[in-house]
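Written out below as C-alpha cells is the structure these notes cover.
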Amino acid sequence: MSFDLSVFANKNIILAVTGGIAAYKSAILVRRLKDYGFNVRVVMTKGAQAFITPLTFQALSGNPVHTELLDTEAEAGMGHIELARWADLILVAPASCDSLAKFVAGLADDLLSTLYLATKAPVWVAPAMNQQMWAAKATQRNLNTLVEDGVHVIMPAAGAQACGDVGLGRMPEPEEIAEQVKDYFHKAQRALAEKFGLLAGKKVTITAGPTREAIDPVRYISNHSTGKMGFAIAAACYAAGAKVTLLAGPVSLDTPNGVRRINVSSAMKMLDESLHQLEEGCDIFIATAAVADYRVAEVAEHKIKKAGDELNVALVKNPDIVATIAQQSKRPFMVGFAAETRNVEEYAAGKLVAKKLDMIACNDVSRKDIGFASDENAMTVFFAEQYQMEKRDLEKASKQEIAQQLVEAVHDALHNEIDPV
Ligand code: C5P
C-alpha cells in the first residue's frame, strides 16, 4: 500500500521531446511520470519525430501528441495557449542544442518555442547531446542565460555516447528524472501544507498495529490488527502539514510518505517510545494500536519444550498507553479508538472519560463490512465535554477518507476548545 501517489494525480506535465537519440528514453520517462500519477501530454519537435513516432507517445501518455503550431485541427483540440496554461511544469527531455538556443533567442517559430514563451509554469530542460556539442561555448553560454532566466537544468551524465564518444552529454535515466519531478511537487505541496494545512506545524504521534508479547524466543501472543487505519491517519496528518511519528507494531505496510516510523514490538516498548515522543514534543497523540491487554509474566529464556497435555502461562496486565500519556503533565491532545461489538457508543463514551481523552472514534467491529482487515471503515466520534461539540458520524468510506475526516475533527476540536484542561 502506498499513500503518496494520488497527490500528483491532478498535476499536469508537458513532456517536450526534441531531436536526439535520447528521445527513446523519453518513452520510458512518460511511463514513470504516469506511475507517479501525473497527467502527461507530449509535445514533439520535427527533429524528435525523426527518432521516435508520435504514436508511441500517444499510446504511453493516453493523450494526443502535440506536434504543430497553428494547425487548424490541433488548435481546435487544445490550442497552444491553452496547452501553455494547462501545464504545471514543462519538461524538455531530451533538450537539443537547437531548442536551448531558441529559448534563449525568444523565437516562436514552432510549438515548443511558442509554449516556452507562453507559459507561466516552471520549465526544466534535460540537455542531451554529443560531448563536444555540450562543451561548445555557445551551448554553455545559452545554458547560463537559461539558468539566469529561471530555467532549471537537469545536468547530463557522463559516459559512453551513441556516437561513440565518451564524455558529458547523456540524458540521465528516466527514473532519475521522474523522481526529481516528483520531489519538486512534493516539496512544493509540503511547503503549502506546512503553512496552510489543517494541522500546520503540529507534532503528531500515532500508535498503530498490534503489539507482540513474547512467550519464549520463538513464540508470542498478538492479534489481527493490520495497522491500516493508523497508517492512513499518519498519511492524512502529514498531508495536513503535521510532523508525524508513527510508532508501528509488527505490520507489513509501507511507511507513508514523509512520516517518521519507529518500529516497536511489545506494549512496554510502545509505551517507552510514546513517553519518549512526549519528551521530544508532541501536540497530538493518536492511539490506534491494538495493544495486547496482557503480557507473559516471565518470558522463557529458551524455547519451551512440549511436555504434558496442558501448559499454563501466567499473564500480567499491560499498561494502558493512551491513558498513561493522558496523565502526564505536558499532555498532548489525546485521541483514542474503541472497537466494540455491542453498546458501541455507550462503551466508547465511557472510555473517553475513563482514559481522560479529548476525542474518541469508535466503530462496530461486529459489522463484517468494516473494521480490522477491511479497507473501509465507519465511525462515530465523541469529544470531551469542554469542547462542547456534537458527536460526529463518519459514514462508511475508505480508511483514507475516514482518516481525512478524523484530521478535520481534531482540527475542529483544537479550535473549539473553550476551557483547556
Ligand atoms: O480499552 P480499549 O483497549 O478498548 O481502548 C482502546 C483505546 O486505548 C485505543 O485507542 C488503544 O490504542 C488504546 N490502548 C492503549 N493501551 C492499551 C490498551 C488500549 O493505548 N494497553
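Restricting attention to segment 381-400, the residues that are under 21 Å from Phe231 (Cα atoms), open to solvent by less than 20 Å² (accessible area, probe 1.4 Å) and assigned to a helix (DSSP H, G or I) add up to 1. Considering segment 352-402, the residues that are on the phi > 0 side of the Ramachandran plot and over 28 Å from the mean Cα position of the chain (by Cα) include one that is modelled with the highest pLDDT, namely Lys356. Under the condition of being within 12 Å of the ligand (Cβ to nearest atom) and surrounded by 19 or more Cβ atoms within 10 Å (Cβ to Cβ), the residues counted in segment 321-338 number 9. Scanning segment 28-42 for residues that are crowded, with 20+ Cβ neighbours inside 10 Å, part of a helix (DSSP H, G or I) and within 20 Å of the chain's Cα centre (by Cα) returns a single hit, Leu33. Entry remark, segment 327-346: residues being of a type outside the set (Val, Ile, Thr), more than 32 Å from the chain's Cα centre (by Cα) and within 20 Å of Ser225 (Cα to Cα) number 1 in total. On the given criteria, is Gln277 exposed (fewer than 14 other Cβ atoms within 10 Å of the Cβ), within 15 Å of the ligand (Cβ to nearest atom) and under 30 Å from Gly201 (Cβ atoms)? Answer is no for this residue.
Assigned to a loop (DSSP other than H, G, I, E, B), open to solvent by 50 Å² or more (accessible area, probe 1.4 Å) and under 20 Å from Leu414 (Cβ atoms), is that true of Lys356? Yes.
Each row is one residue, and each column tells you yes or no for (1) assigned to a strand (DSSP E or B); (2) not small (Gly, Ala, Ser).
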{"site": "Arg261", "(1), (2)": "yes, yes"}
{"site": "Leu275", "(1), (2)": "no, yes"}
{"site": "Cys282", "(1), (2)": "no, yes"}
{"site": "His302", "(1), (2)": "no, yes"}
{"site": "Asp309", "(1), (2)": "no, yes"}
{"site": "Gln328", "(1), (2)": "no, yes"}
{"site": "Ala339", "(1), (2)": "yes, no"}
{"site": "Gly350", "(1), (2)": "no, no"}
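Condition check ((1) away from the ligand (no atom under 14 Å from the Cβ); (2) of a type in the set (D, E, K, R)) across all residues:
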position	(1), (2)
Ala267	no, no
Tyr294	no, no
Ala297	yes, no
Lys303	yes, yes
Val344	no, no
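The residue that is most open to solvent (accessible area, probe 1.4 Å), counting only those in segment 192-208 that are within 29 Å of Asn263 (Cβ to Cβ) and assigned to a helix (DSSP H, G or I), is Glu194.
For Leu311, the requirement of being more than 15 Å from the ligand (Cβ to nearest atom) and open to solvent by 10 Å² or more (accessible area, probe 1.4 Å) is met.
The values are calculated or read from the model by the stated rules, or taken from the named source; none is laboratory data. Worth saying up front: this structure is predicted, and the values here are computed from it rather than measured. When we count neighbours, we look across all protein chains shown, and the Cβ atoms used for this are built from the backbone with ideal geometry, even at glycine. To get the accessible areas, we keep the full protein, side chains included, count just its heavy atoms, and leave off ligands, DNA and RNA. Shrake-Rupley method; radii C 1.70, N 1.55, O 1.52, S 1.80 Å.
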